[in-house]
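Q: Take a look at this one; I'll ask things after.
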Amino acid sequence: MAEKQDIREDQMTVTSSVDYVRGMKGKNSVLINPNNLPHPNTGGQFISSGALIKGKWYRIAVGRDGSYPCSGIFNIGNRFNNYNPCTVLFYSFAEGYSSRSFIAKLASSSMLSVSKARVLSGKVPLVSYLDIYISASLENSFYISASCLMNFKLQTPEEVGETIPEGYSVKEVAF
């Protein structure tokens, strides 16, 4: 039940993260760190990109150092602009200590706006990256959703070169 000092919901600030969540313990009001809740994180993220250009590679995720497994399920779709709206769903795993990284396509539209993906695993520095190759005509906006993330973090797509940096192994898959 709301008390006089409580703020109405329509007066609250909207945010994507919090430092603490308010709760009740018996009759006392308490603050709880979100990491201490039963299910603090479902391991998912969503990014809406600006226009991505055909024939370019874009980095969409960065993994922790190679002593951690980096994996996730990625769903990438484009907004109809200059190309039919399409999606591709794939699983990616990166291992920094060896080249045993892999990508497996799970499902896709009949036409593809993303035709390749690659995992780069580095020994120096010991970090992994996930890149996608755009095959949609001209420029399209993309939506990138990830779930079951383990040590991969989505980022706003950043254009990267086709050349693999020295010290990295690569696993590339064409969809």
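Q: Given the residues Val14, Val21, which is the only one that is open to solvent by 80 Å² or more (accessible area, probe 1.4 Å) and modelled with pLDDT under 90? Don't jump to the end; show me each part of the working.
A: Values: Val21 fails: open to solvent by 80 Å² or more (accessible area, probe 1.4 Å).
None of the other options fit; the residue is Val14.
Q: Let me ask you something else. Could you count how many residues in the stretch 57-86 are basic (Lys, Arg) and open to solvent by less than 40 Å² (accessible area, probe 1.4 Å)?
A: Step one: list which residues in the stretch 57-86 are basic (Lys, Arg), which gives 59, 64, 79.
Adding the requirement that they be open to solvent by less than 40 Å² (accessible area, probe 1.4 Å) leaves 59.
Counting residues in the stretch 57-86 that are basic (Lys, Arg) and open to solvent by less than 40 Å² (accessible area, probe 1.4 Å) gives 1.
Q: I'm told Leu89 meets every condition in (1) surrounded by 14 or more Cβ atoms within 10 Å (Cβ to Cβ); (2) in contact (Cβ under 8 Å) with a residue 40 or more places away in the chain; (3) of a type in the set (A, V, I, L, M, F, W, C) except one. Can you identify the failing condition by its number?
A: It is condition (2) that Leu89 fails.
Q: Which of the residues belonging to the stretch 70-88 are at pLDDT 85 or above and either over 20 Å from Glu158 (Cα atoms) or of a type in the set (Val, Ile, Thr) (or both)?
A: Ile73, Ile76, Pro85, Cys86, Thr87, Val88, listed by residue number.
Q: So if I check each of Arg100, Arg118, which one is without any contact (Cβ under 8 Å) to a residue 24 or more places away in the chain, under 15 Å from Lys171 (Cα atoms) and not hydroxyl-bearing (Ser, Thr, Tyr)? Steps first, please.
A: Details: Arg118 fails: without any contact (Cβ under 8 Å) to a residue 24 or more places away in the chain.
Testing whether each residue is without any contact (Cβ under 8 Å) to a residue 24 or more places away in the chain, under 15 Å from Lys171 (Cα atoms) and not hydroxyl-bearing (Ser, Thr, Tyr) leaves just Arg100.
The values are calculated or read from the model by the stated rules, or taken from the named source; none is laboratory data. Model, not experiment: these values are computed from the prediction. Cβ: placed from backbone, ideal geometry, glycine included. Neighbour counts: every protein chain shown. Just so you know, the surface numbers come from the protein's heavy atoms only, side chains and all, with ligands and any DNA or RNA stripped out. Shrake-Rupley method; radii C 1.70, N 1.55, O 1.52, S 1.80 Å.
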